[in-house]
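The values are calculated or read from the model by the stated rules, or taken from the named source; none is laboratory data. Note that this is a predicted model, so its numbers are computed, not measured. Don't worry about glycine lacking a Cβ; one is built from the backbone with ideal geometry, like all the others, and counts go over all protein chains shown.
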Amino acid sequence: MGRLAGFELSAEEWTAVALSLRVAAVATLFSLPPAVGVALLLARGRFPGHAILNGLVHLPLILPPVVTGYLLLIGFGRRGVIGAALAEHLGLVFSFRWTGAALAAAVMGFPLLVRAIRLAIEAVDRRLEDAAATLGAGPGIVFATVTLPLILPGILAGAILAFAKAMGEFGATITFVSNIPGETQTLASAIYTFMQVPGGDAGVLRLTLVSIAISMAALVASELLSRRIARRIETR
Amino acid sequence: MTIEIAVRHAVPGFTLDVDLRLGNGLNALFGPSGSGKTTLVNVIAGLRRPGAGRIVVDGTVLHDSAAGLDLPRHRRRIGYVFQEARLFPHLDVRRNLLYGRWLRGQGGGRAEIDAVVEMLGIGSLLARRPSGLSGGEKQRVAIGRALLSAPRLLLMDEPLTALDEARKAEIMPYLERLRDESRVPILYVSHSVAEVGRLAGEMVALSGGRVVAHGPTAEVMAGLDILPGGVTAEAGVMLDAEVVGTEPEWQLTLLDTAAGRLAVPSGDLPAAGRVRLRIRARDVMLALDPPVGVSALNSLPGVVEAVVATGDSAVLLRLRCNTAVVFARVTRRSAANLDLVPGRRVHAVLKSVALDRAMISL
């Protein structure tokens with residue numbers, strides 16, 4: 001790969017592409033379980049603070065990404081309240097590491113993920129869950145064997161959206177973990193860097209094409225997959 | 001095996017107040033819509049918590065408000081066949097059937113699974129998805145799924161209501177087999193006199209949240225006029241009958257009933273044995289003299305006992321023919337012309353073709 005009619009990615013460019021894929025994949029995977037939990041709470045829970053939780057989840061969608069990045073820096077930076085504790089007890093460091101880029105991407109994609117899953121949960125016919133209960137399934141088993149399979153298309157759609165968001169995330173990432181080649185320089189920040197240097201146009205074009213290819217591949221894959229799942233669980 | 005249900009449940013504008021003791025076999029819970037039938041079965045299944053009450057099935061207390069005891073729905077072992085089959089769309093028929101069984105950790109028991117599959121005639125559907133099944137097939141699978149979860153009691157909430165007449169006729173024989181072959185007691189909810197009459201040994205009539213009648217189906221049906229609204233159109237009686245002969249030339253079968261001898265179309269009726277016959281009030285014509293020159297084959301002498309209901313244009317009369325009660329629905333005008341008052345001697349005239357297979361259960 002990389003050699004396509006005089007179209008060759010440099011090692012630095014490859015690193016940025018690989019890092020972006022890794023950051024987006026890790027961000028999506030790790031935010032899935034909490035997103036399902038929060039979506040369940042929002043879709044079915046009745047508790048004081050429901051509106052506040054809903055607002056918090058959606059905040060990254062509305063705030064300028066720089067603000068989100070700055071808040072992450074305060075919270076998860078080396079001297080941040082949470083960041084310091086995590087570094088001390090778990091050895092988990094976010095600031096100026098690729099893990100920080102993944103955290104920023106996860107936070108930015110979280111509202112999209114939760115929204116998609118919440119819609120899927122609200123569309124589940126709860127009478128099927130009642131039926132499962134009369135057959136002997138406790139709440140946990142009902143969720144695992146009935147609810148989860150039925151909301152799978154929604155989870156998938158949300159995951160694709162979050163992955164796409166993570167691939168394209170720029171503002172919060174560069175604010176939180178800067179733009180360090182090989183560590184935190186993702187596709188977006190690499191393109192940004194190339195645009196700042198004279199003669200970087202070719203690099204910008206190459207990475208742009210790579211971005212388009214990855215995005216299209218993800219969208220087509222999600223379309224095919226969700227069509228297959230939908231056919232499998234077609235209701236009535 | 002006994003089932004005790006004492007429940008008081010009030011919601012704005014409606015109070016369910018029921019105290020029942022049911023035995024084995026198929027018990028029908030009958031009543032017009034809004035009478036509280038579904039609420040009651042939901043309370044039994046644990047899908048709805050009653051305001052107060054005590055429910056005991058086969059010695060196991062499912063709910064006791066006074067003792068603060070409420071067994072969660074998934075531990076009750078109450079099979080539930082819903083009006084809409086509610087099959088799991090993401091599982092094939094086999095996995096749907098085995099769902100409850102798998103949860104109870106009874107994966108084995110090949111013989112029992114085969115028996116249920118055979119009884120319901122769903123062997124050819126096992127690999128299919130619910131979305132590809134007809135309404136009747138879905139409902140049979142739903143019954144199998146509930147049965148295979150080894151329930152203490154099987155609740156069936158109007159399982160035929162969502163089906164058209166052809167599908168109902170298709171599934172009815174399977175319900176009769178279920179009643180006769182399964183040892184699980186069944187509580188069958190319905191607002192159809194035809195279904196209850198054909199299936200139930202005992203019935204409970206519910207109206208406005210209260211039990212208005214409870215007993216052997218034939219007896220309760222004979223007194224159905226106690227039920228308000230909408231019932232008279234389907235009013236009728238169930239009679240036990242014995243096949244006493246056939247007229248092969250005409251394809252007719254002769255039945256002896258407590259009301260007298262009746263000729264009915266033979267169809268697939270056995271040449272001997274006992275059947276149950278339903279006579280709908282609207283199929284009964286009345287004559288003052290023994291009818292002559294009439295095409296109807298059956299004429300039963302009797303006496304008008306009571307006018308049980310009067311509608312805009314029709315009245316429902318209760319007759320006694322020999323030892324049996326028969327209902328007749330005639331126009332108000334005929335009742336006036338013929339002076340059909342209590343004590344009047346009449347002949348109940350019945351067309352044989354009206355007593356077709358749908359009216360007879362084996």
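The table that follows gives values for the structure above.
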{"item": "Residue match in segment A:109-121 (condition: among the basic types (Lys, Arg), surrounded by 22 or more Cβ atoms within 10 Å (Cβ to Cβ) and assigned to a helix (DSSP H, G or I))", "result": "yes"}
{"item": "Filter pass, residue B:68 being at pLDDT below 95, more than 23 Å from the chain's Cα centre (by Cα), within 21 Å of residue B:181 (Cα to Cα) and more than 9 Å from chain A (Cβ to nearest Cβ)", "result": "no"}
{"item": "Helices (runs of 4 or more DSSP H) wholly inside segment A:161-236 containing at least 2 residues that are away from every other protein chain (no Cβ under 14 Å) and charged (D, E, K, R)", "result": "A:201-232"}
{"item": "Residue among A:145, A:134 that is touching a Phe, Trp or Tyr at 6+ places or on another chain (Cβ under 6 Å) and either within 14 Å of chain B (Cβ to nearest Cβ) or among the acidic types (Asp, Glu) (or both)", "result": "A:134"}
{"item": "Strands (runs of 3 or more DSSP E) contained in segment B:112-209 and holding at least 1 residues under 25 Å from residue A:133 (Cα atoms) and either of a type in the set (Lys, Arg) or in contact with a strand residue (DSSP E or B) (Cβ under 6 Å, 6 or more places away or on another chain) (or both)", "result": "B:153-157, B:186-190"}
{"item": "Residue tally, condition farther than 26 Å from residue B:19 by Cβ, within 8 Å of the chain's Cα centre (by Cα) and of a type in the set (Ser, Thr, Tyr), over segment B:170-212", "result": "0"}
{"item": "Boolean, residue B:7 is among the β-branched types (Val, Ile, Thr), over 20 Å from residue B:216 (Cβ atoms) and away from every other protein chain (no Cβ under 14 Å)", "result": "yes"}
{"item": "Residue selected from segment B:13-36 under the condition part of a strand (DSSP E or B) and under 15 Å from the mean Cα position of the chain (by Cα), by the criterion modelled with the lowest pLDDT", "result": "B:30"}
{"item": "Selection status of residue B:79, at pLDDT below 90 and within 14 Å of chain A (Cβ to nearest Cβ)", "result": "no"}
{"item": "Check on residue A:124, away from chain B (no Cβ under 14 Å), among the hydrophobic types (A, V, I, L, M, F, W, C) and on the phi < 0 side of the Ramachandran plot", "result": "no"}
{"item": "Which listed residue is modelled with pLDDT under 90, of a type outside the set (S, T, N, Q) and surrounded by fewer than 19 Cβ atoms within 10 Å (Cβ to Cβ), from A:209, A:219, A:205", "result": "A:219"}
{"item": "Which numbered condition residue B:108 misses (of (1) facing chain A (nearest Cβ under 10 Å); (2) surrounded by fewer than 21 Cβ atoms within 10 Å (Cβ to Cβ); (3) modelled with pLDDT under 90)", "result": "(1)"}
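Yes/no matrix, rows are residues, columns are (1) within 12 Å of chain A (Cβ to nearest Cβ); (2) of a type outside the set (S, T, N, Q); (3) crowded, with 19+ Cβ neighbours inside 10 Å:
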| residue | (1), (2), (3) |
| --- | --- |
| B:137 | no, yes, yes |
| B:143 | no, yes, yes |
| B:157 | yes, yes, yes |
| B:182 | no, no, no |
